[in-house]
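The structure under discussion appears below in the form of structure tokens.
Readers should treat all values here as calculations from the given coordinates under stated rules, not as data from a laboratory. Quick caveat: nothing in here was measured; it's all calculated off a predicted structure. Cβ placement follows ideal geometry from the backbone for every residue including glycine, while neighbour counts extend to all protein chains displayed.
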Amino acid sequence: MSEHIVNRIREWRLLRAPMTQAELAHACSVTRQTIIALEAGKYSPSLELAFKLARALGRNLEEVFQYAEKN
Amino acid sequence: MRSVQRLAWVLLLATLAGALGALFGPSGRWGGVDLGGTGAAVLMLALGGAVWLFAVRSDQVFPEHMSVSERRAWVGLAFIVVILASFARQLWVLSGSASIPESIHGLFAHQFIQRLITLIIAWSVISSLIGRRAGEVETDERDLRLRHRADRAGDWAFTLIVIAGICVLASIPAPLLAWWLSPIVLANLLIGLLIAKTLVEHVALALAYRAGRA
């Protein structure tokens, strides 16, 4: 069994319509490619970026990121 | 594919063809054409064209899904490959010469350093032009993390090559080593070591970007 971080960035971003990947990237001072990688689950952000993302999405950290176990 | 991207491909192919002609055909003629001189001219024209293209259309040369850092990584890889070819040519010339040059002037005589400086200047100019897009983040924490991983791959390659070099040197008889290992050969081996380390770093970085793409 292993643990990994899952996120709901795409879900919250689309709920907070209309927020594009480019707008979220600009709000968090990262590239759009980093947002794409985050949403695809191919990159785990630093704690600082995780807080920035949660703030930009208007959510608590744990609403955006969860620490999950997978088999 | 956009017309700008088609032009970029033409310039890339012209750069490679020019580099091959300039590096491997300096004394050869093909159909009455001086391969070395023509290749050098094509190489300089293609590099000039690439600088111009990046100066006026840097946004449109690469696919939209590539970040500025990824674009720089691929450009760096292309330049490192040309530098490696130039270095291989330098070694080829040295191995074929009647006497191995004993001073740094010998390196200048083979024009390797001049070529290296020209390529590094063109590389720096093109890299800076790639990042000219106003208001866009050029490098973020993901880029730095990928670069760190690529640097570690380069460090591993460096360590392995040094260990392999130690094993080779230890297995060569001392009289043969004294005849073969002149200061200028040692200098070339060290240059080759640095180029190999940089090549591994750039390959690892370009592949990491490619793998991380959604």
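Are any residues in region A:45-54 at the interface with chain B (Cβ under 7 Å from one of its Cβ atoms) and surrounded by fewer than 19 Cβ atoms within 10 Å (Cβ to Cβ), and if so, which ones?
A:S46
Can you find a residue in region A:28-44 that is in contact with a Pro (Cβ under 7 Å, 6 or more places away or on another chain), within 14 Å of chain B (Cβ to nearest Cβ) and buried (at least 16 other Cβ atoms within 10 Å of the Cβ)?
Within region A:28-44 (the criterion being in contact with a Pro (Cβ under 7 Å, 6 or more places away or on another chain), within 14 Å of chain B (Cβ to nearest Cβ) and buried (at least 16 other Cβ atoms within 10 Å of the Cβ)), the answer is yes, since at least one residue qualifies.
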